[in-house]
Amino acid sequence: MTDAAPVLRLVLGDQLSRSIAALGDIDPARDVVLMIEAMEECTYVPHHPRKIAFLFSAMRHFAEALRAEGITVDYRRLDEPGEGRSFRHGLEQAVARYRPARVVVTEPGEWRVLEDMRGWQEAVGVPVDIRLDGRFLCPLEDFRRWAGGRRTLRMEWFYRDMRRRHGLLLTPGSEPEGGRWNYDQDNREALPADLEAPDPPAFAPDALTREVLDLVAARFGHHFGRLQGFAMPVTAADAEAAFDHFIRHRLPRFGTYQDAMRQGEPFLFHSLISAPLNAGLLDPLDLCRRAEDAYHAGHAPLNAVEGFIRQILGWREYVRGIYWTRMPDYAQTNALEAHRPLPRFYWTGETGMNCLRQVVTETHDHAHAHHIQRLMVTGNFALLAGIDPAAVNAWYLVVYADAYEWVQLPNTHGMALYADGGLLASKPYAASGKYIDRMSDYCRHCRYSPKKQLEDDACPFNALYWDFIARTRAVTARNRRMMMIHKTMDRMGDEKIRALRDKARTFLDGLEYDPPVRR
Ligand code: FAD
Ligand code: DLZ
Ligand code: SF4
């Protein structure tokens, strides 16, 4: 290092990209990169041990890669004396050690951290430069411009603009490839019984990861979730290999079976890239281009490739825009006035409802569930049962390895719970047992029947569904897309509705509830 005062460059656990803004103009002869395993980040909600292990291992590998470039990295391990208890504490210690000319950071992915970050300059007494995060495909300023003046913020319009802006799946005349922007209607098939999904690749833990696993087991083994069997990609190279495997073996069927669920098979034809992508190990535009290449090479059909690109280019960017333009008020809304605590089975998986038992158990074992499991099983139950959005949001932030508030909150609060009153979703994603029966084989292994409504063995989702429709009438009957369902309910007659609502209430009263995990 030179004698000049260094610039201290803080890289957070979900900023593991060599292109991250805080490293942009680094002078390896002068500067120090600071990375902190912070107790506060692991416990502000009790994260799934797999998520902590994934991030610590990915952080340590990233630090090694920077050192191999000749960059000085001050990596503060959780188990070292004087460890950083929080980002702020770790930064204060590092400023005292290096007396830097300034601190450079990249804006974080959570409002909670940004608020704290805004006070760091005063706390450490040197300038703190908070840089924009350039790893996304829609800069927040552009999203603000797009959203400003619009009455509704539908993802579909945003997505079409993004397709045009990035020139993805467009004909030379700038028309959508294949003549349509959206192939969603081709992407809702149930899985044929004889179709097997290929196993995703497993990445055997190296010595560095094994050390992390021991640390996490000792410190966070009591959190919800299983650590054994950890095989996640923890470097950019492994994440690339995982994505290549997806393109070759699962992308061709990704679209058609995107919404399907099968007992004992949590991964099916999904890409499983959200955790490494959100941590910065993969680049979103590169993923979209490689999927597009697979289409042009005739390797994957348009409905699969368009469906995949829409998730990354559309949904992922859109929910981030919603989060940053609407926080902090967004998290406080409760449009459907849902106040019930979270049932205990969200933590134990102990319920006779097989679909919920499956999804909670897979979530516990893998820190992962796919979109429809999150939306239409655990999310749908929480919506119908009227569970407090704060408790549900905290659960989703705890249990998934890909969960950071910028992406988790709009999906849970807006899409699954309609707690934002329809800013994000055009209607509540409420469904009875019929939907789960159509899209999965869960009901065949269940003690309840999705075809029954009032009998002892009737699927609880059915009574809960009608209770939800009746309970939320003041809000949902005004929604044009829900008028039909209200007409159907009116035709069912008061007595039937009363019986269904009584059944729903008895069922909910019979559940066990835990004190909520709150942020
Ligand atoms: P694939 O199905 O293969 O999709 C490819 C990629 O598209 C994903 O990796 C992800 O980066 C992106 N994507 C897909 N859907 C969405 C979406 N709705 N919002 C943002 N990105 C999307 N995703 C997270 O990354 N973190 C979360 O905390 C999170 N919480 C969710 C909570 C609920 C209630 C719901 C309904 C969805 C949530 N999602 C979240 C979106 C989605 O479920 C996951 O991105 C996906 O299951 C990850 O698995 P995959 O990589 O195999 O995704
Ligand atoms: C999620 C997480 C966890 C569990 N631990 C750390 C950590 O020890 N150090 C770190 O730099 N980042 C961690 N993260 C990710 C942060 O929570 C994330 O950077 C912020 O929430 C901002 O998105
Ligand atoms: Fe779930 Fe109802 Fe099907 Fe059982 S019958 S698996 S509770 S949808």
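Take ALA416 and tell me if it is under 30 Å from LEU114 (Cβ atoms) and buried (at least 23 other Cβ atoms within 10 Å of the Cβ).
Values: under 30 Å from LEU114 (Cβ atoms): yes; buried (at least 23 other Cβ atoms within 10 Å of the Cβ): yes.
Yes.
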Quick check: anything in the range 176-194 outside any loop (DSSP other than H, G, I, E, B), buried (at least 17 other Cβ atoms within 10 Å of the Cβ), in the same structural domain as ASN303 (by TED's automatic domain parsing) and touching a strand residue (DSSP E or B) at 6+ places or on another chain (Cβ under 9 Å)?
yes
If a residue has to be more than 18 Å from ASP14 (Cβ to Cβ) and in contact with a helix residue (DSSP H, G or I) (Cβ under 6 Å, 6 or more places away or on another chain) to count, how many in the range 80-91 make the cut?
1
Sole miss for ASP329 among (1) in contact (Cβ under 8 Å) with a residue 40 or more places away in the chain; (2) surrounded by fewer than 19 Cβ atoms within 10 Å (Cβ to Cβ); (3) closer than 22 Å to PRO428 by Cα is condition (1)
For the range 314-326, the count of residues that are more than 16 Å from ligand 2 (Cβ to nearest atom) and either within 14 Å of ASN393 (Cα to Cα) or surrounded by fewer than 17 Cβ atoms within 10 Å (Cβ to Cβ) (or both) equals 1
Which condition does THR171 not pass, out of (1) in contact with an Asp or Glu (Cβ under 9 Å, 6 or more places away or on another chain); (2) touching a residue at least 40 places away in the same chain (Cβ under 8 Å), if it passes all the others?
(2)
Expected output for the range 249-268 (first residue within 15 Å of ligand 3 (Cβ to nearest atom), partner part of a loop (DSSP other than H, G, I, E, B), Cβ below 6 Å, 6+ apart or cross-chain) is ASP259/ARG188; ALA260/ALA190; ALA260/LEU191; MET261/SER440; ARG262/LEU191; ARG262/ASP441; GLN263/ASP441
Any residue at all in the range 194-210 that is over 22 Å from GLU362 (Cβ atoms) and modelled with pLDDT under 95?
yes
Hits in the range 417-444 - residues which are in contact with a Pro (Cβ under 9 Å, 6 or more places away or on another chain), within 16 Å of ligand 3 (Cβ to nearest atom) and of a type in the set (A, V, I, L, M, F, W, C):
ILE436, CYS443
State whether the residues of the range 162-169 include one that is part of a loop (DSSP other than H, G, I, E, B) and more than 24 Å from the chain's Cα centre (by Cα).
yes
Helices (runs of 4 or more DSSP H) contained entirely in the range 253-318, each with at least 3 residues that are closer than 23 Å to GLU107 by Cβ and under 14 Å from the mean Cα position of the chain (by Cα)
274-279
Flagged in the range 112-129 as within 30 Å of TYR159 (Cβ to Cβ) and buried (at least 18 other Cβ atoms within 10 Å of the Cβ), in numbering order, are VAL113
So HIS222 clears everything in (1) in a helix (DSSP H, G or I); (2) surrounded by fewer than 18 Cβ atoms within 10 Å (Cβ to Cβ) except one condition, right? Which one?
(1)
What pairs come out if I take residues in the range 398-419 that are among the small types (Gly, Ala, Ser) and pair them with residues that are within 10 Å of ligand 2 (Cβ to nearest atom) whose C-beta lies under 8 Å away, six or more apart or interchain?
ALA401/HIS48; ALA401/LYS51; ALA401/PHE54; ALA403/LYS51; ALA403/LEU397
Long-range neighbours under 6 Å by Cβ, at least six apart or interchain, first residue not assigned by TED's automatic domain parsing to the domain that holds GLU156 within the range 287-311, second within 16 Å of ligand 3 (Cβ to nearest atom) and modelled with pLDDT of 95 or more
none
Wholly within the range 422-515, which helices (runs of 4 or more DSSP H) include no fewer than the required count, namely at least 1 residues that are surrounded by fewer than 16 Cβ atoms within 10 Å (Cβ to Cβ) and out of contact with any helix residue (DSSP H, G or I) (no Cβ under 6 Å at 6 or more places or on another chain)?
433-439, 473-476, 483-492, 494-509
Options ARG438, ARG481; residue that is basic (Lys, Arg) and either on the phi > 0 side of the Ramachandran plot or at pLDDT 95 or above (or both)
ARG438
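Out of curiosity, is GLU107 at pLDDT 95 or above and surrounded by fewer than 14 Cβ atoms within 10 Å (Cβ to Cβ)?
No; evaluated as a whole, the condition is false for this residue.
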ALA394 fails exactly one of (1) buried (at least 23 other Cβ atoms within 10 Å of the Cβ); (2) of a type in the set (A, V, I, L, M); (3) within 16 Å of the chain's Cα centre (by Cα), namely (1)
Among the listed residues ARG344, ARG357, which satisfies the condition of being on the phi < 0 side of the Ramachandran plot, free of Cβ contacts under 8 Å to residues at least 24 places away in the same chain, more than 15 Å from ligand 1 (Cβ to nearest atom) and not hydroxyl-bearing (Ser, Thr, Tyr)?
ARG357
Checking the structure you have, find out if any residue of the range 425-445 is within 16 Å of ligand 2 (Cβ to nearest atom) and among the polar types (S, T, N, Q).
no
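The values are calculated or read from the model by the stated rules, or taken from the named source; none is laboratory data. Remember, it's a predicted structure, so these values are computed and weren't measured experimentally. Ideal geometry is used to build each Cβ from the backbone, glycine not excepted, and the neighbour counts take in all protein chains shown.
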